[in-house]
Amino acid sequence: MVHMTSRVLTIGFDLDMTLIDSRPGIHACYQALSARTGTYIDADLTITRLGPPLAEELVNWFPAEEVEAVADLYREMYPTHAIAPTPAMAGAREAIAAVREAGGRAIVVTAKYEPNAKLHLSHLGIEPDAVIGGLWAEGKAEALREYDAGVYVGDHTGDVRGARAANALSVAVATGPCDVDELREAGADVVLTDLTEFASWLAGHTKAPL
């Protein structure tokens, strides 16, 4: 018999535009990819719609039959061009620390290619308890359920859908392509301006009766 009182608080976080401002790195990588392939890519436009899987962006610039190969090339080029320019979002380190201070586990669940996601976190000195890549929107529920995450924090309506599919509380931050109204309309339980507000929200959440 499982006693719910023994349940460890596990909180999942998205990566791009939630924990890291991936726009400078992704912009640089798309510019390098454009130069390498000789195909025009509007890097300024691509970074306004981060969140969905890479293939969903590449299909705007390459024939469908080339997308898989180009995606492999992009992922191969990514560490060289995208890791160093990418900073942590305001409040990101403090958010992970707040989960630990509450006795919980912090995991990262992202659509990003997992090895590159880990490179970002390592470069920034952010050390979650687990990193699970390659999952988008409702697909994120797979990892959230596996790790028994009760909360999922993200910046995109797809993250809200992932949290709801996992029966986790959806905490949204308006730091990505979706504004406060979009996140609320998608069904977010909590909407924060950014992660600097997370620690105080978590303190109230963990004190609330279950």
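The values are calculated or read from the model by the stated rules, or taken from the named source; none is laboratory data. This one's a predicted model, so the numbers in the text were calculated from it and none came from an experiment. Cβ atoms come from the backbone with ideal geometry, glycine included; neighbour counts cover every protein chain shown. Surface areas here come from the heavy atoms of the whole protein model, side chains and all, with no ligands, DNA or RNA. Shrake-Rupley method; radii C 1.70, N 1.55, O 1.52, S 1.80 Å.
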Next item on the list: Search segment 45-71 for residues that are farther than 15 Å from residue 15 by Cα and pair each with any residue that is assigned to a loop (DSSP other than H, G, I, E, B) when their beta-carbon atoms are under 6 Å apart and the residues are at least 6 apart or on different chains.
Entry: 61/39; 61/41; 67/59; 70/62
Check: Just to be sure, is residue 76 more than 13 Å from residue 124 (Cβ to Cβ) and in contact with a helix residue (DSSP H, G or I) (Cβ under 8 Å, 6 or more places away or on another chain)?
Finding: no
Next item on the list: Quickly run through segment 118-153 and pick out the residues that are under 14 Å from the mean Cα position of the chain (by Cα), open to solvent by 50 Å² or more (accessible area, probe 1.4 Å) and over 17 Å from residue 19 (Cα atoms).
Entry: 138
Margin query: Any residue at all in segment 154-163 that's outside any helix (DSSP H, G or I), closer than 16 Å to residue 91 by Cβ and open to solvent by 30 Å² or more (accessible area, probe 1.4 Å)?
Written below: no
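Can we say residue 203 is over 17 Å from residue 138 (Cα atoms), open to solvent by 30 Å² or more (accessible area, probe 1.4 Å) and among the hydrophobic types (A, V, I, L, M, F, W, C)?
When the stated conditions are applied, residue 203 passes them.
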Margin query: Given the criterion farther than 20 Å from residue 49 by Cβ and in contact with a helix residue (DSSP H, G or I) (Cβ under 8 Å, 6 or more places away or on another chain), identify the matching residue among 137, 208, 166, 172.
Written below: 166
Check: Do you know which residues across segment 87-119 are touching a residue at least 60 places away in the same chain (Cβ under 8 Å) and acidic (Asp, Glu)?
Finding: 94
Item checked: Enumeration of residues in segment 164-180 that are outside any loop (DSSP other than H, G, I, E, B) and closer than 17 Å to residue 17 by Cα -> 170, 171, 172, 173, 180
Check: In segment 90-117, which residue that is of a type in the set (A, V, I, L, M, F, W, C) and open to solvent by 30 Å² or more (accessible area, probe 1.4 Å) is farthest from residue 151 (Cα to Cα)?
Finding: 90
Checklist line | Selection count where residues are assigned to a strand (DSSP E or B) and small (Gly, Ala, Ser), scope segment 130-153 | finding: 1
